[in-house]
Amino acid sequence: MFPLKKVVVSMVLAIFFSGCSSDAVVQNPTATPPPKEVTNTGTDQKQSVDSSSSFDKIAGYLQEESNKAFSSHYELLEFTLSDYEEKTVDGKVEATFGYQVKYKNFEKDPDTVDYIKAAKEKNDPNYQQLYDEYLQPKDMNFHLKAVIEDSDSISLYTNVSPKGVQWEKAVMSDFILKK
């Protein structure tokens, strides 16, 4: 691996969309389910009119938190929630879903990036691949749970289990690789 400065590594935190037992995720039968996949690019909202207010709060929260965490490192292109399911537990809305952020490196000559420059100088066989991939869009994928608390604040959890589901409290900046 090449040394990377302030780079967010595309992470797959768990087996994406891993199966859950039927009692682990139950959709609230009284709520109108949102569309299975919703994409937000920039500020344009591409959502159908039947999406719930909880879904809207969570989607807005995730986009805002993703921008805070990743926009100083990358150009963020698109935010997508998929397989969204929600239920009410102890009066709180709990939603589980897949979340994808499409991103790319900021526009600049790849040969000015330290790890690519070093690969070129060392005649590394991976240099051309690193160069070619530098400006290509990439995906960050997450399996998340959001809980809307009584005060309308949102707590975020990530699935840390490679097999099954084990939720651990998180914030989007937890997904930035730190030295």
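Collect the residues in the range 151-170 that are without any contact (Cβ under 8 Å) to a residue 40 or more places away in the chain, under 17 Å from Lys57 (Cβ atoms) and surrounded by fewer than 13 Cβ atoms within 10 Å (Cβ to Cβ), keeping them in residue-number order.
Listed by number, the residues that qualify are Ser151, Ser153.
Residues of the range 78-136 that are under 23 Å from Val160 (Cα atoms) and of a type in the set (D, E, K, R): Asp83, Glu85, Glu86, Lys87, Lys92, Glu94, Lys102.
Identify all residues within the range 55-84 that are on the phi < 0 side of the Ramachandran plot and either among the β-branched types (Val, Ile, Thr) or open to solvent by 50 Å² or more (accessible area, probe 1.4 Å) (or both); write none if there are none.
Asp56, Lys57, Ile58, Tyr61, Glu64, Asn67, Lys68, Ser71, Ser72, Glu75, Leu77, Thr80
All conditions but one from (1) of a type in the set (Gly, Ala, Ser); (2) assigned to a loop (DSSP other than H, G, I, E, B); (3) surrounded by 12 or more Cβ atoms within 10 Å (Cβ to Cβ) apply to Ala118; the one that does not is (2).
Does Ser173 satisfy the criteria of being in contact (Cβ under 8 Å) with a residue 60 or more places away in the chain and assigned to a helix (DSSP H, G or I)? When the stated conditions are applied, Ser173 passes them. Scanning the range 126-150 for residues that are touching a residue at least 40 places away in the same chain (Cβ under 8 Å), open to solvent by 70 Å² or more (accessible area, probe 1.4 Å) and of a type in the set (Asp, Glu) turns up just one, Asp150. The lone criterion from (1) under 20 Å from the mean Cα position of the chain (by Cα); (2) of a type in the set (S, T, N, Q); (3) over 25 Å from Gln63 (Cα atoms) left unmet by Gln128 is number (1).
Take the conditions assigned to a strand (DSSP E or B), open to solvent by 40 Å² or more (accessible area, probe 1.4 Å) and not aliphatic (A, V, I, L, M) and apply them to Thr88. Does it pass?
So Thr88 passes the test.
The values are calculated or read from the model by the stated rules, or taken from the named source; none is laboratory data. For clarity, every value in this text was computed on a predicted model and none was experimentally measured. So basically every Cβ, Gly included, is an ideal-geometry build from the backbone, and we count neighbours across all protein chains shown. What goes into the accessible areas is simple: the full protein's heavy atoms, side chains included, and nothing from ligands, DNA or RNA. Shrake-Rupley method; radii C 1.70, N 1.55, O 1.52, S 1.80 Å.
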